[in-house]
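Some notes on the structure that comes next.
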Amino acid sequence: MKQDYNVDAAGFYGVFGGAFVPEMLYPNVEELQNSYLTILQEKSFQKELQQLLEDYVGRPTPLYFAKRLSAHYGAKIYLKREDLCHTGAHKINNALGQILLAKKLNKTRIIAETGAGQHGVATATACALMGIECCIYMGAKDVERQAPNVARMKMLGATIIPVESGSKTLKDATNEAIRDWINNPVDTHYIIGSVVGPHPYPDMVARFQAIISKEIKNQLKGDPSHVIACIGGGSNAIGAFYHYLSNKAVQLVGVEAAGQGIHTAKTAATLTLGTQGIIHACMTTLLQDKDGQIIEPHSISAGLDYPGIGPQHAHLHQTKRVNYHSVTDQEALNAALFLSKNEGIIPALESAHALAYLNKMEIKPTDKIVINLSGRGDKDLETLTKNLL
Amino acid sequence: MQLKEIFKNRKEPILNIYFTAGYPALESMPIILNSLEQAGVDMVEIGMPYSDPLSDGPTIQKSSAIALKNGISTSIIFEQLAKCESKIPKIMMGYFNAVLQFGVEKFCEKCQQNNIQGVILPDLPIPVYQEHYQTTFEKYGIAPIFLVTPETSEERIRYIDACSTAFIYAVSTSSTTGAGTGIQSAAAYLQKLQTMQLNNPILIGFNIGSKADFDFASQYAAGGIIGSAFIKQLENSTTLENDIQKFIKNIRPKN
Ligand SMILES: Cc1ncc(COP(=O)(O)O)c(C=O)c1O
């Protein structure tokens, strides 16, 4: 039986997904639901996006054979270099796709949430490129720990609104962006930064990030044995998995942030510890207490510090198509240092979670492992040096 | 009194007051209910605090966070209601996830036991309600209350009217709660609603904070709902009873 891992006509992946939005957002979400596939399939849209991805982002990004890493682990290890994208992470693939969509919908104002600041920078970049007003919501704690990205967004002309509610991180920034959209329903498009939120966002963002696995397929001879990616909301992971989902010969691995450990309260390991419920207008798995109140997560990496996960991942977890694991703050830090010293690449703390999983898996000499290096570590230098040097 | 009768028998505009359960103190709800009943309020909307209230502005975000810190939960709300003597007609408002985790059937059963006649869950889509929960709501006699906004199309307003059984909650402006912009700018939209001759009566909510706002809303609908402005009144209150009497007197001087 062929299993379908993609979204159904009602916006669900099995029991997960949907659009649990208040009536105030119904027209906005409905407009997107009714138009996104048509717009994404328009020749002119595809041509413009393709051109930008090549000339502006620098795609295709290399698939780099990591010789010293391979020797160390005793297998063939490849890094998909999303860190070499303009702005330093995969987030730009989605931001450019959505800004072109927003233009087609005649929107004149863009809002976005950001955790690590990578999606904020990508969105501010896309807005500067198109000359559109841009407003970025960012948790006050993240404004502090990702200062370089805050400065970049300011340079790019975006307004940054620090969010003081809740845990002052990505979840709360997303809440505030959704509230902004409720208050500005006509002229504003909300560029969500991951495969989360109400339908059609998880599917739309997945389609924009699917270019990652499309390129890997072209760049790698034969199938990889494993594709490994870190998971915050899950967009770089879905992008890296997308064209392999129906190929069961390829093992897909998602790596969540365990924070200080899955047996502590300071964790963001959603699929390991979470239960089914609703967050940011979609049915998925999330960290919540028995009353359904959302639990504040923890990760040293701002981009993974999120109590939910995209609904498609919840479905891929339930159907066991993808294996999900978690690594701690410390394991990620060590992996970041290891890659820096052995390959001359300083990874984002998010991506370091995917790298750290190499120490936890059983590796065979015949394995061909692709790791999605979702971003670079410039933004994390302060955290990295404070903890490692 | 049943919701239907309240709307049928009304002699003056219906005043519906929203408050957050567990705020300002864990045990405030019984006092608030009694005071509102004595002040002649027609019905109340009990807010179930949620950690991430997406449709709410700063005032209700804050009251919800404090209530949760005070230790309120869905089960405690029902425990308090069971002990409460006030007979004032009640509906409940909250976010769907909290009800989902409590158990929808158990929730409806508790509502019935405690004389809760209607429930507003703004983030529960109508098709999901109809497919999974309508029979349960009907079994326990709980009316689902749906929202319309200035951006809701006429076709969809008619659809929402057809799905409703008690009243329609008309959000006055495209905003989160407590935007404080007043509702005078909503005249054209409210007039449109009025001339549509819907089957269900309408209560207007969001941004009603003063007597002027309430009177304005009442021209177009069966009445209005006051939330954030009432919560603000409780914020610095030392005697809830007095402050509530005073607040309601301001809205409805003749009672
Ligand atoms: C470099 C990098 N990787 C990963 C993520 C996590 O997001 P996602 O799981 O959607 O890829 C972020 C988010 O900020 C990021 O900046």
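Derived scalar couplings between HN and Hα for segment A:212-219 equal 4, 6, 4, 5, 4, 4, 6, 8 Hz in order, rounded to whole Hz, by the Karplus curve 6.51 cos²θ - 1.76 cosθ + 1.60 (θ = phi - 60°), x for Gly and Pro.
Pull up the cross-link candidates among the aspartates and glutamates for A:K214, meaning alpha carbon to alpha carbon under 20 Å and not fewer than 8 places away within one chain. Hits, sequence-local ones excluded: A:D4, A:E42, A:E48, A:E54, A:D55, A:E82, A:D83, A:D203, A:D223. The largest-to-smallest principal axis extents of the Cα set in segment B:1-144 are 39, 38, 29 Å. Gap in Å between the Cα centre of segment B:70-118 and the Cα centre of segment A:251-319? A separation of 28 Å, based on Cα centres. Restricting the calculation to Cα atoms, segment A:251-379 yields a radius of gyration followed by a Dmax of 15.0, 48 Å. Among the listed pairs A:K103/A:K221; A:K91/A:K168; A:K91/A:K266; A:K266/A:K360; A:K43/B:K192, those with a Cα-Cα distance over 31 Å are A:K103/A:K221; A:K43/B:K192.
Segment B:67-139: percent of C-alpha pairs farther apart than 17 Å? Cα-Cα pairs in segment B:67-139 separated by more than 17 Å: 44 percent. In order along segment A:371-379, phi translates into HN-Hα couplings of 10, 7, 8, 5, x, 9, x, 3, 5 Hz, rounded to whole numbers, per the Karplus curve 6.51 cos²θ - 1.76 cosθ + 1.60 with θ = phi - 60° and x for Gly and Pro. With kT/(6 pi eta Rh) evaluated at 37 °C and eta = 0.692 mPa s, and Rh the Kirkwood radius from Cα pairs, segment A:150-253 diffuses with a coefficient of 205 µm²/s according to Stokes-Einstein.
Note: segment B:3-248, Cα convex hull, 115 Å³ per residue. Expressed as a fraction of 2.2 N^0.38 Å, the C-alpha radius of gyration for segment B:44-91 is 1.23. Per residue, the accessible area of segment A:132-290 comes to 32 Å² when a 1.4 Å probe rolls over the protein heavy atoms.
Note on segment B:106-255: semi-axes of the ellipsoid equivalent to its C-alpha gyration tensor, largest first and rounded to whole Å, are 27, 22, 13. In a simple Cβ point-charge model (Lys, Arg +1; Asp, Glu -1; nothing else charged), segment B:3-248 has a dipole of about 240 debye relative to its Cα centre. Taking a straight line from the alpha carbon of B:K8, these aspartates and glutamates sit under 18 Å away, with near neighbours fewer than eight places off in the same chain left out: B:D42, B:D161. By the helix-only formula, in which each DSSP H run with n ≥ 4 contributes -39500 (n - 2.57) and the sum is divided by residues, chain A has a 222 nm mean residue ellipticity of -12000 deg cm²/dmol.
Averaging the sequence gap over all C-alpha pairs within less than 8 Å and six or more residues apart, then dividing by the number of residues, gives chain A a relative contact order of 21 percent.
Of the peptides A:66-77, B:198-209, the order by per-residue mean of other Cβ atoms within 10 Å, starting with the highest, comes out as B:198-209, A:66-77. Every Cα-Cα pair in segment B:128-202 was counted, and those over 19 Å apart are 41% of them.
Normalised Debye scattering of segment A:88-219 at q = 0.11, 0.14, 0.15, 0.21 Å⁻¹ gives log10 I(q)/I(0) of -0.35, -0.57, -0.65, -1.24, counting only Cα atoms as equal scatterers and leaving out solvent. Converting the Cα gyration tensor eigenvalues of the protein assembly as shown into ellipsoid dimensions via √(5λ) gives semi-axes, longest first, of 47, 25, 22 Å. Restricting things to alpha carbons, find the Rg to Rh ratio for segment B:97-158 using the Kirkwood radius for Rh. So for segment B:97-158, dividing Rg by the Kirkwood Rh gives 1.01. Exposed loop sites are taken as GluC sites (Glu not before Pro) in a DSSP loop (any state but H, G, I, E or B) with at most 15 other beta carbon atoms within 10 Å; the longest stretch of chain A without one runs A:165-361. Under a Gaussian network description of chain A, with springs only between Cα atoms under 10 Å, the residue in A:I231, A:I212, A:I132 that fluctuates furthest is A:I132. Cross-link partners of B:K139 among aspartates and glutamates, defined as those whose alpha carbon lies under 18 angstrom from its own and excluding same-chain residues fewer than eight positions apart: B:E105, B:E109, B:E131.
Dipole of segment B:20-120 computed with +1 at Lys/Arg Cβ and -1 at Asp/Glu Cβ about the Cα centre; of B:N115, B:G103, B:L68, farthest Cα towards the positive end is B:L68.
Considering only A:G139, A:I77, A:I92, the residue lying farthest towards the positive end of the dipole of segment A:53-147 is A:I77, judged by Cα position with unit charges set on Cβ. For the pair B and A, the buried accessible area comes to roughly 2500 Å² in total, with a 1.4 Å probe and the value rounded to the nearest 100.
The values are calculated or read from the model by the stated rules, or taken from the named source; none is laboratory data. A quick note: this is a predicted structure, and the numbers were derived from the prediction, not measured. Cβ sites come from the backbone with ideal geometry, for glycine too, and all protein chains shown count toward neighbours. Ligands, DNA and RNA are stripped out before the accessible areas are found, and what is left, the full protein with its side chains, is counted by its heavy atoms. Shrake-Rupley method; radii C 1.70, N 1.55, O 1.52, S 1.80 Å.
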